[in-house]
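Only one structure is covered here, and it is reproduced in the block below.
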Amino acid sequence: MEIIKKNYLSNLNNNQKEAIINLDGPCLIVAGAGSGKTKVLTTRVVHLIKEKKAWPNQILCVTFTNKAAREMQNRITNLLNEKVASLPWLGTFHSVSAKLLRRHAEAVGLNSQFTIIDQEDQLRLLKNICKAENIDIKKVAPQFILSLINQWKNKGLLPKDVVAKKGVPLEKAILKIYKFYQERLKILNSCDFGDLILHCVTMFENNSDILELYLNNFKYILVDEYQDSNYIQSKWLNLLAKKNYNICCVGDDDQSIYSWRGAEIRNFLDFSKTYKNTKIIKLEQNYRSTQNILGAASGLISKNSDRLGKKLWTDSKDGERVKLTCYKNGREEAIGISDVIEKKLKKKYSLNNTAILVRAIFQTREFEERFLKIGMGYRVIGGTKFYERAEIKDSVAFLRIVNQKNDDLAFERIINVPKRSIGDTTLKQLHNWGRKEKKSLEDSALELLQLNKIKPKTKIELTKILNLFNKWRGDLKEKKHFELMEIILDESGYSKMLKDKKDLESEGRLENLKELIRGMHDFDNLQGFLEHVALATSIDQDWEGEKVNLMTMHAAKGLEFDAVFLPGWEEGLFPHQKSLEEKGDLALEEERRLAYVGLTRAKKESFISFVISRMYRGDWVESLASRFIDELPEENIKKEDIKEQNSDDFFFNQDIDYNEGIRSPGWARLQKKKLKKIK
C-alpha cells in the first residue's frame, strides 16, 4: 500500500500499476494501442531508482528510435524530480551498441574512432568491390547485394557462418562479396548499422570478461516495442539478461508490421518460452480512441490467429462510427477526401491533427495534386531527410575525413568536390594501390605523391587538399567543431561553388549549410555530432504551420491524430498482392496488423475508402473492395453513399475466392454478378 501511494504512481490504472511494481524476474507487458506503454515504461524506470533496486547506471533501457529515447529521457528526468548522480543507459539498440563498441573496439578489430557508414556509403563500397572483382552491377544490383548482406547480419551471420544455398550460384557470389566487404570495412576502421549489434554479440561471445562486466552492471533491462526486434537484437538482449533475468519487454504483437526489415514476431510471442516464469501483463484500456474506432480495430484484428490476444476498451463515448465510402476512381477519392477536410473537419480539428495514411507511397500523388490545386497545406512524412541532402552529406564527409583519415568513403565523396582535377582515373589508381598495400586512400595518395606516380596537374591539387586535411585536423584542436565547419566550407571552396551558381537551388543549399552549422551547436564535440548524424532517423520533420499529414501506414506507427483517412482499401493494394504472393498467410496477418495500426491512429474520427477503378502503371484497373472491409464489425461502421457513381455495380459483402484474386494479374477484378447497392 505504501508503494501505491507514491506520487508518480497516481493517475494509473490497476494493470499499469501492476506492470510497474512487479520489478523482479522476466516480464512481458502486452500494451495495446494508446494504452500508455511509454508512461508505464518510464515510470517503471523511476520506480526502480526510487525503490533503490538499482543505481540509474545499472538500468539499461532500449528502444527503436532516437525520438522515443529522447522522450523517455525527458519523462524520466521529470518524474524523478531530483538530481541524480547518473542516468540510465537509454537509447536505441544501435546507439547503445555504438557506445559499447567505442569502449571495446579492439575486441572486434577496430579502434575507438571508427566511422559508422550509411547506406549510400555502403553502396559505394560494394560498387568498388564489384569493379575490383569484375562483377557486372547491371546484372547484380548493389542494392540487392546489400539487402542480402543485411539479412545475414540481422540473422547474426558473419561470412564464415553463411552457408550458400545449393543451386543458387548468385548467393555464392554475393557471399564472396560479403567477405571482401567485411574485410574492407576493417581496413577502413568502419562499420555499418548491422555491424553495430553484430559486433557487440561477437564481442560478448568471444570475450567472457567483457560480457561479465556488463552482466554485473546491468541489473535491470527494459525494452520498448519488442515486437519489432529481429534475431540479432533478441540475441543481444538474451546475452545481457542471462545472469539476472530481470528483463521487461513492452510491445504489441498486433502492431508487428516490420517483417520486411527483419522483425521477428516470434521473439514476442515466444518470450515466455525463452524466459521461464514470465509474468504477462496486458494493458487493454485505451486512452486515445473512441469505442467505435476501437471496436472496428478489435473486430478486424481478431481474425488473426498468430497473437496473444486482447481486446481494447475505453471509458470514452462511442463517438462517430467509422465511415466507409466508395469512390469512382483515385482522383474522385482525392477530391472527396479533400472536400470532407475542407468543408467539415477544418472547423473541428487542426490540419496538423488530420492525416491520410496510404498503403503504398504512389497513392500520395493524387492527394498532393489536389491539395496544390485548392491551396491546402500538406506535408509528406518520409520525404528527403535533412542529413540525406547532397550538400549536407558532402559537408559531413569533410568532417568525417578530418575525424579519422581511414574513412575512404568520405575521402572518395569529397576529394573532387568542388572539382579539382582529381578524376576517376586517379581514384582508381589510389584504390588499386590501397588494395595492394592494404592502405587507406589518403595514405595511398601520400605514398604515390612521394613516389612521383601522380600526373603533374593532379599532383598539385591532390597535395593542396591533403594539406588542408592536416590543417583542419590541427584547427580542430583549437576551434569548436561548428567553427571548423565554417572554415572547411570556406577553404575547400564549397561555399564559393554554390554562391557562383547564383540560382534558387544553390541559395537553398547555402541556407541548409547555415542550418547545419546552427544545429552543430547542440553537440559538445565533433564525435558526438557525427554519431548523431549516423544514427539519425526519419522522424525529424518540419511541423511548422497548418498542414495535412500524408504518409504510409508504416510511417504512422506511434503517431496519433484527431481524424484519419485510410484510402485505397482494395484487394491487391491492401492487402498488398506482392506481399501475399511472397509470404501467403504470414503476409496476410501482417497486412491485417497494418490495417489495425492505421485504424488505431485515430482519436475521434476514422474514414475508410476504396475505389471502383484505379490507374495503375498507366492502365485503368477495375478493383475489388479489400477483404478487410468485410471483416469490420457492422455495428461500428457507417456506409456512406457511392460518390459520383450512379450505377448499382458495387457491393460490400462479397462471396469471392480471394486466392483466385491473388493469382490474377493486377488487382482482382470487380465482380458484377452479385450486386448490392450501398445503403
Please state the relative contact order of the range 399-453 as a whole percent: Cα pairs under 8 Å, 6+ residues apart? 33 percent
Projected label distance in nm at K179 and Q527, using a 7 Å step from Cα toward the beta-carbon: 3.5 nm
Sulfur and carbon atoms: percent of accessible area, the range 335-457 [1.4 Å]: 50 percent
Taking Cα atoms, how many degrees apart are the long axis of helix 481-491 and the longest axis of the chain, rounded to 10 and kept between 0 and 90? 70 degrees
Using Cα pairs closer than 8 Å and at least 6 residues apart in sequence, work out the relative contact order for the chain, in percent. 18 percent
Would you mind pulling out the separation of the Cα centroids of the range 269-289 and the range 47-78, in Å? 20 Å
What is the gain in length, in nm to one decimal, between I137 and E368 on full extension, counting 0.36 nm per residue of separation less the C-alpha to C-alpha distance? 79.7 nm
Zone of K303's modelled label, taken as backbone nitrogen in the range 347-378 under 17 Å from a point 7 Å along Cα→Cβ: 359
Surpassing 19 Å at the alpha-carbon level, of the pairs K131/K172; K127/K176; K99/K557; K186/K471, are K99/K557; K186/K471
State the percentage of accessible surface on the range 220-265 attributable to carbon and sulfur atoms; use a 1.4 Å probe and exclude ligands, DNA and RNA. 46 percent
Mind checking which of C200, V322, L526 is farthest towards the positive end of the chain's charge dipole, using Cβ charges of +1 (Lys, Arg) and -1 (Asp, Glu) about the Cα centre? C200
Pairwise FRET efficiency - K99 versus D490, Cβ, R0 = 41 Å, nearest 0.05: 0.75
Positive-end residue of F218, Q16, V396, charge dipole of the chain with Cβ unit charges: F218
Percent carbon-and-sulfur accessible area, the range 86-212, ignoring ligands, DNA and RNA, probe 1.4 Å: 53 percent
Calculate how steeply helix 424-437 sits against the longest principal axis of the alpha-carbon atoms of the chain, using the helix alpha-carbon long axis, and give the answer as 0 to 90 degrees to the nearest 10. 80 degrees
Ranked from highest to lowest mean number of other Cβ atoms within 10 Å per residue, what is the order of the peptides 522-534, 182-194? 182-194, 522-534
Charges only on Cβ, +1 for Lys and Arg, -1 for Asp and Glu: so what's the dipole of the range 458-533 about the Cα centre, in debye to the nearest 20? 360 debye
From the residues I247, G508, A334, which one has its Cα farthest along the dipole of the chain in the positive direction, the dipole being from +1 and -1 charges on Cβ of Lys/Arg and Asp/Glu about the Cα centre? I247
Amide H proximity to Y220 below 5 Å, modelled H, separation 5+ or other chain, gives L60
Would you mind calculating the gained length between R331 and T65 on full extension (0.36 nm times residue separation, minus the Cα-Cα distance), in nm to one decimal? 92.2 nm
Under 4.7 Å Cβ to Cβ, no partner at all: give me those cysteines from the chain, in residue order. C61, C130, C191, C200, C249, C326
Residue-averaged 222 nm ellipticity for the chain, from DSSP H runs of 4+ at -39500 (n - 2.57), nearest 500: -14500 deg cm²/dmol
What spacing in nm lies between the two simple spin-label points modelled at T202 and D562, each 7 Å away from Cα in the Cβ direction? 5.3 nm
May I ask which of K459/K499; K348/K547; K179/K419; K138/K166; K37/K303; K179/K393 have a Cα-Cα span longer than 22 Å here? K459/K499; K179/K419; K138/K166; K37/K303; K179/K393
Expressed as a whole number of Å, what is the distance separating the alpha-carbon centroids of the range 157-235 and the range 476-508? 38 Å
On a 1.4 Å probe surface of the protein chains, which of V30, V163 comes out largest in accessible area, and what is the full order? V163, V30
If I model a spin label as a point 7 Å beyond the Cα along the Cα-Cβ vector, how far apart are those points for K317 and K166 in nm? 6.8 nm
Per residue, how much accessible area does the chain have with a 1.4 Å probe, in Å²? 46 Å²
Spatially proximal aspartates and glutamates relative to K52 (Cα-Cα < 17 Å; intrachain offsets below 8 disregarded): E2, D24, E82
How would you order 286-297, 130-141, 582-593 from highest to lowest mean count of nearby Cβ atoms within 10 Å? 286-297, 582-593, 130-141
If you work out Cα extents along the principal axes in Å from the coordinates, which of [x] 86, 73, 50; [y] 90, 60, 45; [z] 84, 66, 56 do you get? [z]
Any idea what angle helix 330-343 forms with the longest principal axis of the chain, computed on alpha-carbon atoms, 0 to 90 degrees, nearest 10? 80 degrees
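The values are calculated or read from the model by the stated rules, or taken from the named source; none is laboratory data. Quick caveat: nothing in here was measured; it's all calculated off a predicted structure. A quick note on method: Cβ atoms are made from the backbone with ideal geometry, for glycine too, and the neighbour counts reach across all protein chains shown. Each accessible area value is taken on the protein alone, full model and side chains, heavy atoms only, with ligands, DNA and RNA left out. Shrake-Rupley method; radii C 1.70, N 1.55, O 1.52, S 1.80 Å.
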